[in-house]
Amino acid sequence: MTTERQAATAAPRLLAYPRHRLLWPSVLAALPPGELAHDQHHILRVYDWAVRLAPEAGADPDLCGAAALLHDLVVVPKDAADRASASERSAHSALPLLDAAGYAAAESRVISEAVRTCSWSRGLRPSAPAGCVLQDADRLDAIGAIGLMRTVACAQWMSRGGSDSAFYHPQQPFSGGLRPLDDRHFAIDHCYAKLLHLSASMHLPGAQAEAQRRHGFLEAFLAELGHEVGPAP
């Protein structure tokens, strides 16, 4: 058995499209070691939602799934100055992998463009249905219970160099407009800087419904945290 076939066989059963299974080894190779917020399980959750949402957008599930697999091909740390370049770099790095997996040039352009416009920090609107699908799928994984776990994982990752990061500001756990939000140092600030805004940014009805449900959980969590560490605004 060839190395390529061995790698494809090792791909998760969730990957239903043959070309996705060929992409999987490159996806695994690009994962940042020890970074739980952007691990293979994140990739697969986004993949699952992308394939599910694609018909709703009138998009090709094969192309949307490939975009989901490759959307974090280049991971730039959240506290890096060039964080907003991650999606652009991932889109560029995806092209040779797509070619090797057998995607035609026109298909690769659709996938790469969806990746280019997907990130929150980049602030771009999708230019095609596949981009709407990927943006919704990726943002769903940033809210709700899993979104909170990923936020805490990111906070821990950013504090690895001995910075003064913490779960929340010790004197003012919730900003309430009294201090600037600083989600590079305080994990809970990320909820107010980003997570609570995500449900309003969804494009597709299926994603909107799921995002609203997860948003409600996030609000309930913050209310409970307010009881435990100080009042929420």
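The values are calculated or read from the model by the stated rules, or taken from the named source; none is laboratory data. Keep in mind that what you see is a predicted model, and the values were worked out from it rather than measured. When we count neighbours, we look across all protein chains shown, and the Cβ atoms used for this are built from the backbone with ideal geometry, even at glycine. Note: accessible area is taken over every heavy atom of the protein model, side chains too, but ligands, DNA and RNA are not part of it. Shrake-Rupley method; radii C 1.70, N 1.55, O 1.52, S 1.80 Å.
Tell me yes or no: at least one residue of the range 30-44 is modelled with pLDDT of 90 or more, crowded, with 16+ Cβ neighbours inside 10 Å and closer than 16 Å to residue 97 by Cα. Scanning the range 30-44, I find at least one residue that is modelled with pLDDT of 90 or more, crowded, with 16+ Cβ neighbours inside 10 Å and closer than 16 Å to residue 97 by Cα, so the answer is yes. Across the range 87-100, the qualifying residues are those that are touching a residue at least 12 places away in the same chain (Cβ under 8 Å) and open to solvent by 10 Å² or more (accessible area, probe 1.4 Å), and the one among them that is nearest to residue 211 (Cα to Cα) is 88. Would you pick out the residues in the range 135-178 that are open to solvent by 50 Å² or more (accessible area, probe 1.4 Å), aromatic (Phe, Trp, Tyr) and not in a helix (DSSP H, G or I)? The answer is 167, 168.
I need every pair where a residue in the range 190-212 that is under 20 Å from residue 126 (Cβ atoms) has its Cβ under 7 Å from the Cβ of a residue that is charged (D, E, K, R) and open to solvent by 30 Å² or more (accessible area, probe 1.4 Å), sequence separation at least 6 or different chains. Close Cβ pairs (under 7 Å, with a partner that is charged (D, E, K, R) and open to solvent by 30 Å² or more (accessible area, probe 1.4 Å)) amount to 204/56; 205/56; 206/56. Residues considered: 102, 65. Of these, the only one that is part of a loop (DSSP other than H, G, I, E, B), under 24 Å from residue 18 (Cβ atoms), modelled with pLDDT of 95 or more and not charged (D, E, K, R) is 102.
Screening residue 210 with (1) within 19 Å of residue 50 (Cβ to Cβ); (2) in a loop (DSSP other than H, G, I, E, B) gives one miss only, at (2).
Cβ separations smaller than 8 Å between residues 6+ apart or across chains give the following pairs from the range 107-120 residues that are under 22 Å from residue 76 (Cβ atoms) to residues that are β-branched (Val, Ile, Thr) and part of a helix (DSSP H, G or I): 114/133.
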